[in-house]
1. With no solvent and one equal point scatterer placed on each C-alpha of the stretch 100-167, evaluate the Debye formula and give log10 I(q)/I(0) for q = 0.12, 0.14, 0.21 Å⁻¹, two decimals.
2. Roughly what % antiparallel, to the nearest 5, for the DSSP beta bridges in the chain?
3. Over the Cα atoms of the chain, what radius of gyration and what Dmax do you get, in Å?
4. Want the number for residue 482 to residue 282: 0.36 nm per residue separation, take away the alpha-carbon distance, what's left?
5. Pop a pseudo-label 7 angstrom from the Cα along the beta-carbon direction at both residue 121 and residue 367 and give the gap in nm to one decimal.
6. When the chain is fully extended, how far beyond the present Cα-Cα distance does residue 489 get from residue 561, taking 0.36 nm per residue of separation?
7. Can you give the Rg and Dmax of the stretch 229-300 based on its C-alpha atoms, in angstrom?
8. Pop a pseudo-label 7 angstrom from the Cα along the beta-carbon direction at both residue 303 and residue 319 and give the gap in nm to one decimal.
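Derivation of every value follows stated rules applied to the coordinates shown; laboratory data play no part. If you're wondering where the values come from, they're calculated on a predicted model, not measured in any experiment. As a convention, Cβ positions derive from the backbone with ideal geometry for all residues, glycine included, and neighbour counts pool all protein chains shown.
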């Protein structure tokens with residue numbers, strides 16, 4: 001949609017139309033809501049001032065980019081947002097040429113902007129292109145942002161960074177004076193005056209230069225941009241993020257400055273939908289809801305794995321004052337909210353800083369505490385080096401509780417918890433285990449609380465798959481549990497939530513195979529596996545994880561080392577590809593992973 005010639009009134013009407021469309025679709029499909037509603041005017045102003053067909057539009061995190069999708073020829077398709085074979089909930093270049101980069105994890109945007117600015121400079125396109133970054137204030141809590149700002153401030157590539165401050169967590173506006181000074185400092189007159197003053201002062205030696213710099217620094221003390229200015233980034237703001245005229249004027253000035261500029265914009269989360277306006281975490285990401293009342297349309301009766309984990313950890317924390325924990329900006333998503341409220345001195349939200357979370361927990365373990373580092377499977381990828389260098393190398397007893405392991409549904413490729421087994425299994429000193437249901441989860445948390453080495457526990461989003469199998473036994477390191485024993489040539493091996501899938505598959509088979517809950521993929525239960533290899537010659541692996549480096553791979557490696565050549569292993573883990581978004585059942589059906597599909601594959 002070309003809005004270059006829209007009047008101010010037309011832009012305001014368009015912003016309202018965009019909000020209405022977002023509310024209509026998200027209330028039906030679910031998705032991210034409050035952040036994207038708050039960013040509507042910012043994105044409209046971006047499209048008014050910049051050219052999204054040439055200028056890299058980079059979003060961080062791109063769940064706030066729904067208005068961008070609607071402005072770039074996806075108005076009708078938007079009804080399929082986050083649905084299987086529909087639009088992604090994040091920017092996705094394969095979906096649209098107007099989406100510059102995939103952005104499902106936070107704090108990557110300024111690094112991407114610096115890289116784009118370097119390419120633009122090398123191609124000598126500075127006169128016609130400029131990177132535009134929209135970054136949420138939460139993303140500033142990750143260190144990668146400051147690494148990028150450090151280089152940008154040194155090299156001075158032209159770039160416009162729009163900081164969407166929707167929590168007033170960076171700085172509060174000081175009123176009319178601050179707004180007036182910010183506008184003045186962005187004006188061409190001020191910038192020309194500043195440059196000429198610098199040239200003039202340089203002619204009078206270091207003393208005059210020092211006095212001029214001190215005056216400028218004192219002048220800036222009444223604005224909240226000192227941090228960015230000290231890093232070499234021009235600062236403008238705070239600006240009202242819902243005042244289209246101000247936004248367009250300020251962004252036009254920033255674009256013309258020919259240097260790195262940060263525009264600090266303050267918005268209200270959920271703007272335009274009164275029920276969601278303000279600091280309400282539950283409106284960040286929502287399931288389908290009634291637009292009039294704001295109540296969720298459906299409520300699952302089954303207890304989800306995150307709730308079970310929170311209850312199990314609370315029980316351990318109540319009885320052991322040495323248990324501590326951290327999460328990276330996901331206190332409610334990981335179930336740590338209640339623990340943080342009850343034990344604020346022992347459980348921490350360290351913000352979007354997975355690397356820091358891991359290393360800080362390592363130090364606590366060194367000091368004799370028992371840390372539970374609770375992070376989504378997909379986000380622990382960001383702390384991989386710290387798991388190796390700061391935990392496992394020292395053999396420290398940190399527990400990694402990996403929520404959202406497996407397919408997560410509508411969030412798609414960037415959030416699927418497929419790789420944790422593969423990248424953790426290769427690390428010396430690491431133990432990997434998984435529960436299959438509520439009782440085994442309580443047992444595994446109790447086991448981990450007393451374990452004196454690094455370990456990782458993986459568990460799914462939502463409820464465990466139901467399984468009609470014997471009750472779980474207490475956990476012992478490297479010990480599996482044989483749940484069903486038959487004389488069949490076939491052995492179903494389940495790991496974690498895969499046990500439920502295996503049990504449901506078994507129910508559909510006429511000839512009943514044996515069923516083993518592996519429990520530990522590192523170390524393996526070699527005694528049990530040797531027993532099984534003598535009875536069952538066809539092993540089928542059920543685990544919600546990537547096949548490469550996964551459970552089946554671990555078993556094949558072991559069979560090779562033991563020189564057991566008469567056992568055939570078939571893994572039902574994920575193929576070597578990124579898994580697209582959509583309803584979990586539809587995604588699993590597309591991958592051939594529903595029980596009736598698997599039963600058919602086993603019997604041939």
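1. For the stretch 100-167, the Cα-only Debye profile gives -0.30, -0.40, -0.87.
2. Of those bridges, close to 15 percent are antiparallel.
3. According to the Cα coordinates of the chain, Rg and Dmax are 27.1, 95 Å.
4. Separation in residues times 0.36 nm, less the Cα-Cα distance, equals 67.9 nm.
5. 4.2 nm
6. On the way: separation 72, 0.36 × 72 = 25.92 nm, distance 2.22 nm.
Computed gain between residue 489 and residue 561 is 23.7 nm.
7. Expressed in Å, the Cα Rg and Dmax of the stretch 229-300 come to 17.8, 53.
8. Distance between label points: 1.6 nm.
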